[in-house]
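The structure appears below as structure tokens.
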Amino acid sequence: MTETSGDLDRQSLRFLWLYALASAGGAVAYVPFLTILLPVRMSELSGGDDVAPLAYAAFAGAVIASLANIAFGWLSDRSGNRKAWIATGLVLCSLLLVSVQATHSLAELIGVIVVWQLALNLMLAPLAAWAGDMVPDRQKGLLGGLLAFSPAAGAAAGALVTWPGLAGADTRLELVALLTIAMVLPVLVTGYDRPMPHLMTRSSELSDAPRPSRGLIGRMWIARLLVQISEAALFAYLLYWFRSIDPSVTDSDTARVFSIVLVAAVPLSLLTGRWSDRTDRPILPLASAAGLSAIGLLVMALSDTLALAMTGYVLFGLVAAVFLALHSAQTLRVLPRPETRGRDLGLFNLTNTTPSLIMPLLTLGLVPGFGFDGLWLVLAGLALMACLLLATARRAA
């Protein structure tokens, strides 16, 4: 049975699923470490006084990650070989992760974290750009839906490696490294990547083809930044806010709600992504998700009971997860130059790292005087701005 021309213009489902597994492996590489294992190790080395060192490590990590993602994306553009960069980064970040257990001082630990961030982005930057090289626009929605597995996998890995009795403090790091390798390696070794030469045609050869406008690219960047600020604030302060409404809420309750939302977002992202592929309307789901996230934040701001608060958060969490997953894939559609795809994705990655620097300032400026209600109202306004930016965008120049 031969492949039709329509089949040749579509990437194999095998590659898409293995790529989604690798992307989830990228999340597994850093989510359990940064959210659970690093704070524990830092507390051990500092004797309990770990707030300031953790803040310094987070700041340094965000800066290094931002610069490294741009640099390694650009280098993978120049080399034309994404797989080699991904494989090298996979090996180095796994070795450095395991080496954390051998640190004996905070200075050593922060030094390892900085180098680990370099290695991590050596893997993540070309991995993100590789999807743009291999997945045509008609499957970008499906790709976005599959990328929704990544945050869920990161959260699940954190729960797995900290399962009572499964692994000791040191072997947890080794377990994270092994999980990462097991998830990323298959697409590098056995993933059949059907060539898509039209996705690699240089921009100088596309002078007659309609290209996305700079205005759309800018709107996509700003919209993601606005939604990511809200996501970062909820990630950091969700437990504190729930407890301000009902002091009986535990960290386990919050983690369970958080996990349920991430898991439920996967099928919703897949359905929405497939719909956007079939109708060729890539921006509408993004604008709709941003608008619904604003409604969720508004419900949170007006909540005076735990049930209403959780309803608002579940709405926000679901649609924000859909937005971020689909946005990651549709960004590949609007970037104008295939020859600088990795570098440009690194610039878009600033929308993931910058909120961790903005969010604390926003929180300190609002919560003491206006409470969490005031913060949620401001964040609802930012999400609404993201919705309007995308809803009024033109797809091409």
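On full extension, the segment bounded by LEU302 and LEU377 gains 26.1 nm, given 0.36 nm per residue less the C-alpha separation. Of the residues SER43, PRO368, ASN349, the one whose Cα sits farthest towards the positive end of the charge dipole of the chain is ASN349 (charges of +1 on Lys and Arg Cβ, -1 on Asp and Glu Cβ, taken about the Cα centre).
Protection proxy ranking of 66-77, 367-378, 118-129, by the mean of other Cβ atoms within 10 Å over each peptide's residues and highest first, is 118-129, 66-77, 367-378. Comparing ALA119, ALA294, CYS93 along the charge dipole axis of the chain, the residue lying farthest to the positive side is ALA294, per the Cβ-charge model. Ordering THR171, ALA68, LEU142 by the projection of their Cα atoms onto the charge dipole of the chain, which places +1 on the Cβ of Lys and Arg and -1 on the Cβ of Asp and Glu, puts LEU142 at the extreme positive end. Principal axis extents of the C-alpha atoms in the chain (largest first, rounded to whole Å): 61, 48, 37. Each Lys and Arg adds +1 at its Cβ and each Asp and Glu adds -1 at its Cβ; summed about the Cα centre, the chain shows a dipole of about 1180 debye. I need the helices of the chain that pass two filters: whole DSSP H segments spanning 20 Å or more by Cα along the axis, and mean Kyte-Doolittle score no lower than 0.5. The qualifying helices are 13-32, 51-79, 82-99, 106-134, 169-189, 214-245, 284-301, 306-334, 355-391. Residues within the reach of a label modelled at MET385 (point 7 angstrom out along Cα to beta-carbon, backbone nitrogen below 18 Å), restricted to the range 315-351, are 350-351.
Residues CYS387, CYS93, ranked from the fewest to the most other C-beta atoms within 10 Å, line up as CYS387, CYS93. Note on the range 214-391: Cα-Cα pairs beyond 28 Å make up 23% of the total pair count.
Full extension of the chain segment joining ALA236 with PHE370 gains 46.5 nm, where the gain is 0.36 nm per residue of separation less the Cα-Cα distance.
The numbers here are math on the coordinates, done by the rules we state, and not lab data. Just so it is clear, the model here is predicted, and its values are computed rather than measured. Glycine gets a Cβ as well: all are built from the backbone with ideal geometry, and neighbour counts include every protein chain shown.
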